[in-house]
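Okay, structure first, notes after.
The numbers here are math on the coordinates, done by the rules we state, and not lab data. Since the structure is predicted, the reported quantities are computational estimates derived from the model, not experimental observations. Positions of Cβ are backbone-derived with ideal geometry, glycine not excepted, and every protein chain shown enters the neighbour counts.
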Amino acid sequence: MSSGPVKRSSVHHLHVHERATFAAQHGWEIAASFGDAGAEKNAALHAVALADVSWLAKLECKGPWAASFATQTVAGGVACPVTPERLLWIVEPSSIESAKKTLEGLRAGQPRCYLIDTSSVHASFELAGPHVSDVLCKLASAKPEVGKPIFASVGGVRSLFIRSERGLQLHFQREFGEYLWESLLDAGREFGMRAVGVEALAAARGGG
C-alpha cells in the first residue's frame, strides 16, 4: 500500500463483504478481483460485468470560461458539459497532473473562474460486455450514444452517462453508491452479470 492516505470508494465495504482482493492504484485501494478472475473476464467479454471505477479523477471547471472549453483536448480526459458555466472532466488518474496543468493554463487570467477537484464527491461504475444495454433498459429510459455524454436518471439517481464502444460509465453522487451497486447487480442477474475487479476490466478494455 501507499505510504500516504489511501482513498476508498463508497462501496468498499460491499467489496470486503464479497471477499474481494485489493490492490493499490493511484492512491486508491481498489478491488482487483472477486475470487474468480477467469469467470470475471468471461463476464466482461461475453455477458455483462460491473466494476467500481470511483478512482477515475473528476475535475470541475466553473465560471464563464467553462462552455468555451468543452471541445478542448485534454489528454486522458472526457469533457461533460453540466450547465453553460459548469464543465466536468472525467480523467484517467495517470493523466491528472497534466490535465490540471492544461486547464489551469486555460483558466489563467479569467475572472470568477475556478478549477475544482471533485473526485471524492462522485462515485463511478463501469459496465462492460454485450448485455450492457439490456441491463440499462431495466433501470433507465436514457439511450446514451457513443461519444455524447448525457445526464439522466438511472434507478432514480441523476447520473452522468458516458457511452463508449467497450461499455458504459456512470458517475453520480457518492451517497447513492451502495443503492446503485445493488440495483445494477439485481437488474443484471438474468444476463449473467458479475462484479469484477480491475484485472477483468483491463481485459475487457483491451478486448481480450
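A few notes on this one:
- Over 25 Å (Cα to Cα) - which of Lys7/Lys58; Lys58/Lys143; Lys101/Lys143; Lys100/Lys143; Lys62/Lys100 fall in this group: Lys101/Lys143; Lys100/Lys143
- Dipole of the chain, positive direction: furthest Cα of Thr21, Ala108, Pro149, with charges on the beta-carbon: Ala108
- If you wrap the tightest convex hull around every Cα atom of the range 57-117 and split its volume per residue, you get 62 Å³.
- Under the Karplus curve 6.51 cos²θ - 1.76 cosθ + 1.60, θ = phi - 60°, whole-Hz ³J(HN,Hα) for the range 112-119, x wherever Gly or Pro sits: 6, 10, 9, 10, 10, 7, 10, 4
- Once the chain from Ser164 to Gln25 is taken as fully extended at 0.36 nm per residue, the excess over their C-alpha distance is 47.7 nm.
- Relative contact order %, the chain, counting alpha carbon pairs below 8 Å whose residues are six or more apart: 27 percent
- Phi-based couplings in Hz for the range 15-28 (Karplus 6.51, -1.76, 1.60; Gly and Pro marked x): 5, 4, 4, 7, 6, 5, 9, 10, 9, 8, 8, 6, x, 10
- Residue of Arg19, Arg86, Arg166 that the Gaussian network model of the chain assigns the largest fluctuation, springs spanning Cα pairs under 10 Å: Arg19
- FRET efficiency estimate (nearest 0.05) - Cβ-Cβ, Val16 to Arg112, R0 41 angstrom: 0.40
- Taking amide H as placed 1.01 Å from N in the peptide plane, the amide H of Ala32 sits under 5 Å from that of Thr21, Phe22, Ala23, Val198, each at least 5 places away or on another chain.
- At the listed q of 0.08, 0.15, 0.16 Å⁻¹, the Debye profile of the chain, built from one uniform point per Cα, gives log10 I(q)/I(0) equal to -0.27, -0.94, -1.06.
- If the chain linking Glu182 and Ser94 were pulled fully straight, counting 0.36 nm for each residue of separation and taking away their Cα-Cα distance, it would gain 28.8 nm.
- Lys, Arg +1 and Asp, Glu -1 on Cβ, resulting dipole of the chain about Cα centre, debye, nearest 20: 540 debye
- Remark: spin-label model distance Thr71-Ala202 equals 3.7 nm, labels positioned 7 Å along the Cα→Cβ axis.
- Applied to the range 97-106, the Karplus parametrisation 6.51 cos²θ - 1.76 cosθ + 1.60 on θ = phi - 60° returns per-residue 3J(HN,Hα) values of 5, 5, 5, 4, 4, 4, 6, 5, x, 6 Hz, with x for Gly and Pro.
- Taking the centroid of alpha carbons for each part, the range 1-49 and the range 83-124 are 26 Å apart.
- For Ser164, residues with placed amide H under 5 Å, excluding near neighbours: Gln169
- Inverting the pair-averaged 1/r between distinct Cα atoms of the range 108-158 gives 14.0 Å as its Kirkwood hydrodynamic radius.
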